[in-house]
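Structure first, then comments.
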Amino acid sequence: MTTRLKGKVALVTGGARGMGESHARGIVAEGGKVVIADVLDADGNKLAQELAPNAIFVHLDVTSTADWDNAIAETIKAFGTLNVLVNNAGILTVAPIGDLTDEQWDRLIGINLTGTFKGIRAAAPVLTANAPSSIINVSSTAGLAGFSGGTAYVSSKFAIRGLTKAAAVEFGRDGVRVNSIHPGNVNTPMTAGFSDAKVPHVPMNRFGEASEITNMVIFLASDESSFSTGAEFVADGGERAGNATPFS
């Protein structure tokens, strides 16, 4: 254990598994405390018990304002403060525009984008009161470029970039930094169906690991990133640098 996050309390949405689980483990390993927030109660409670006494679990549907208010209250009750918010929860729907239903669109936008907004709104007062503090919004390389069939997902991830910049400007003088992370292809339960596929278009020619994104979360959660706000941090194996597929 090191102490880069000593004295920091972080709330991680979608924290019960995948990248969120990795972030929760990394925060505790760096000396911080973490609130694991998710709708996956069994997984979340199990992880919190493993990381206790430096972690608790709270049930959080990020689309619910009441759940957000409760999550912030439980964080203060357990640890007395909140210094870092990691808006990690998200879902992926792939469908051509003509096949994308209203329900699919509304659900994805509600979780990915509106859930991020509600988290910022709910946490802002306590983050401001405990500044310097940090908000980390998980976007995607799909927030930098589109892909066929990804209309809803791409729209949400581009919007998170804009939300991040607007919030960074609004809270800058309050000592609250707001940045976005843009992972490429990462091995998680959400990408399990693709994890064995080759990615020849990626210069590093592999999927990333959740721990590699966690390293960036820890940097942005720590005071090491004290002059970074409104910025985009990309971890994609070089995907957005250019297509590595050989020309033929």
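The values are calculated or read from the model by the stated rules, or taken from the named source; none is laboratory data. These numbers come from a predicted model, not from an experiment. Here the Cβ is made from the backbone with ideal geometry for all residues, glycine too, and neighbour counts use every protein chain on show.
Below are the figures for this structure:
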{"item": "Residue in segment 190-204 that is outside any loop (DSSP other than H, G, I, E, B) and in contact with a strand residue (DSSP E or B) (Cβ under 9 Å, 6 or more places away or on another chain) present", "result": "no"}
{"item": "All positions within segment 1-40 that are in contact with a Ser or Thr (Cβ under 9 Å, 6 or more places away or on another chain) and among the polar types (S, T, N, Q)", "result": "Thr13, Ser22"}
{"item": "Filtered residues of segment 87-102 (kept if free of Cβ contacts under 8 Å to residues at least 12 places away in the same chain and not hydroxyl-bearing (Ser, Thr, Tyr))", "result": "Gly98, Asp99, Asp102"}
{"item": "Filtered residues of segment 140-155 (kept if farther than 20 Å from Ala210 by Cα, in contact (Cβ under 8 Å) with a residue 60 or more places away in the chain and not in a loop (DSSP other than H, G, I, E, B))", "result": "none"}
{"item": "Test result for Gly172, within 27 Å of Phe117 (Cβ to Cβ), at pLDDT below 95 and not basic (Lys, Arg)", "result": "no"}
{"item": "Members of segment 1-17 that are farther than 28 Å from Gly90 by Cα and either among the aliphatic types (A, V, I, L, M) or touching a Phe, Trp or Tyr at 6+ places or on another chain (Cβ under 7 Å) (or both)", "result": "Met1"}
{"item": "Residues of segment 1-51 satisfying the condition of being outside any strand (DSSP E or B) and of a type in the set (S, T, N, Q)", "result": "Thr2, Thr3, Ser22, Asn45, Gln49"}
{"item": "Residues (closer than 18 Å to Ser156 by Cβ, within 18 Å of the chain's Cα centre (by Cα) and of a type outside the set (A, V, I, L, M)) located in segment 69-103", "result": "Asn87, Asn88, Gly90, Thr93"}
{"item": "Qualifying residue in segment 109-118 (condition: under 30 Å from Gly31 (Cβ atoms) and touching a strand residue (DSSP E or B) at 6+ places or on another chain (Cβ under 8 Å))", "result": "yes"}
{"item": "Subset of segment 215-248 that is within 17 Å of Asn83 (Cβ to Cβ) and of a type in the set (Val, Ile, Thr) - its residue that is surrounded by the most Cβ atoms within 10 Å (Cβ to Cβ)", "result": "Val217"}
{"item": "Of residues in segment 130-145 being in contact with a helix residue (DSSP H, G or I) (Cβ under 7 Å, 6 or more places away or on another chain) and of a type in the set (S, T, N, Q), the one surrounded by the fewest Cβ atoms within 10 Å (Cβ to Cβ)", "result": "Thr141"}
{"item": "Condition met for Arg177 (in a loop (DSSP other than H, G, I, E, B), more than 13 Å from the chain's Cα centre (by Cα) and charged (D, E, K, R))", "result": "no"}
{"item": "Out of Thr81, Thr75, sole residue that is polar (S, T, N, Q) and assigned to a loop (DSSP other than H, G, I, E, B)", "result": "Thr81"}
{"item": "Residue selected from segment 146-160 under the condition of a type in the set (A, V, I, L, M, F, W, C) and farther than 16 Å from Leu100 by Cα, by the criterion surrounded by the most Cβ atoms within 10 Å (Cβ to Cβ)", "result": "Ile160"}
